[in-house]
Amino acid sequence: MGALYDKDWRYSLARIWCDDAIRSMFNNICSEGKENVPTDGAVILAPNHCNTVMDALVILQDWKDATLFGARADVFRKPLVRKILRFLKILPLPRARDGAKAVLDNRATIEEVVDCLDHGMRYCMFCEGSHRTMHSLLPLKKGIVRTALAANERFGDRKPVYIVPVGLEYQDYYRIKTPLTIRYGKAINVTEFVSSNPEMIESQVYRHILDTLKGRLSSLITCLPDDWTYDGRWALTKMSGKEAAMAADKEKIRDAGRFDAERRDEKLSFLSFREGGNLLLTAGKGIVFLLFLPLILFAAVAAAPMWLISAYLANSIEDKAFVRTARFGVKFALMPLLMIIWAVVFFIFLPFKVALIAFLLSFWSHSIFYEALERGRILLSDIRLAMGHKKLKESYSKCQIQKI
């Protein structure tokens, strides 16, 4: 097997289908600040980690060329899995709790990462070390700095080493067909910092770079300060913006949290409150939905194997952070087979033109079905809000007025 930085046509071919499948999980992916990613040196991307495997996949689809990733070492134990992950350009990242041998394995991984960086390949490392489906940051681990310093030691005299903070902002961690924003922040020039501070001991270098990275990363996302006030602050963020949520006092946070709990109990969407429960607008949405109902029903039938298996997995998975990843995996695995089956059925039993139209629609059936599911959920919420919930409307208005 060749070096990871070598071009592989099989990998490039798989990327086409993978990127399309991952983009179908969102109704919009907005990428901001790519001009902050340097082109004159080695680049280590440092995203926040909030949505399991999805975080790596959305970073991957944002670049045309290959990106190297790291993953926890315990998933590499089976030889076949290890081989597949290596094909996907994913390397094991051993942790101290993995045992003494992990230290040696970690050195080997760092050497391979540095080799890839030296050959112009981008490396993505989740600096928190583990995921958490919250708008916050866990303590950053030293591994990303260790890797950057190792790269700088090898080739820092030839080209600089950069750590680029990347903010991943999901509107919703679990539902598909919701928006995602990827923000690239100002890069940390590790080479320049090390050469400018020769008097610093290693621990000071680590601390300074990690503190700088944390500050820049937290500015790219909605980073709520603590778990105790999290629900109220996140609700206030959706009502009045991040600045209001961060500056709010205890009473405002409590009011927003209470409203959010009551809203969820009544199965009402935040989006419905933003439109004020307008009956005329809701009726218009309902008419449009009914007009598209035949297409939605066709999509539901065409994509049935995928969404039925996805629904089963979603109910079976204990860690709900993996639900969206499971849905992606189902589409990635089943869609090619399903398209072959539908092609055979349509072109045997239907006239050519009708079969062609049905085949093309079936290709988009997964996206159409989940888009309709999300819009239908919001429409039902709009109807319920338009028909009542006066107190909840007043609570929302109160929180809206209390902007900072």
Inter-label distance, nm, simple model (7 Å from Cα along the C-beta direction), Ile84/Asp115: 2.5 nm
Rounded to whole Hz, the Karplus (6.51, -1.76, 1.60) HN-Hα couplings of the range 302-315, x for glycine and proline: 5, 9, 3, x, 6, 6, 5, 5, 4, 5, 4, 5, 4, 7
Candidates Val114, Val354, Val194, ranked by Gaussian network fluctuation over the chain, Cα under 10 Å, top entry: Val354
Qualifying aspartates and glutamates (Cα of each under 13 Å from Cα of Lys390; at least 8 residues distant if same chain): Glu262, Glu266
The chain: relative contact order as a whole-number percent, Cα under 8 Å and 6+ apart: 19 percent
Qualifying GluC sites (Glu not before Pro) in the range 169-259, DSSP loop, other Cβ atoms within 10 Å at most 12: Glu199
Net charge contributed by nearby residues that have their C-beta within less than 14 Å of Arg377 (K/R +1, D/E -1): +3
Lys pairs, the range 100-255 - Cα-Cα below 20 angstrom, 8 or more residues apart or on other chains: 14
Sequence-distant residues sharing a close amide H with Ala71 (under 5 Å, placed H): Leu91, Leu93
Ratio Rg/Rh [Cα only; Rh per Kirkwood] for the chain: 1.01
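Would you mind ranking Tyr162, Tyr170, Tyr312 by Cβ crowding within 10 Å, fewest neighbours first?
On the way: Tyr162 25, Tyr170 22, Tyr312 12.
The most exposed by this proxy come first: Tyr312, Tyr170, Tyr162.
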Candidates Asp62, Asp231, Asp249: whichever shows maximal mean-square fluctuation once the chain is modelled as a Gaussian network with Cα springs under 10 Å: Asp249
The range 308-404: relative contact order in percent, alpha carbon pairs under 8 Å with at least 6 residues between: 15 percent
Rg [Å, one decimal], Dmax [Å, integer] - the range 154-212, C-alpha atoms: 16.7, 51
Shape category assigned to the range 267-388 from the gyration tensor of Cα positions, a/c cut at 1.5: oblate
Selected from Val164, Val75, Val323 as most flexible by GNM, with the chain as the system and alpha-carbon contacts under 10 Å: Val75
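Every read-out reported here was derived from the displayed coordinates using simple, explicitly stated rules and does not represent laboratory data. Model, not experiment: these values are computed from the prediction. We place every Cβ from the backbone using ideal geometry, glycine too, and count neighbours over all the protein chains shown.
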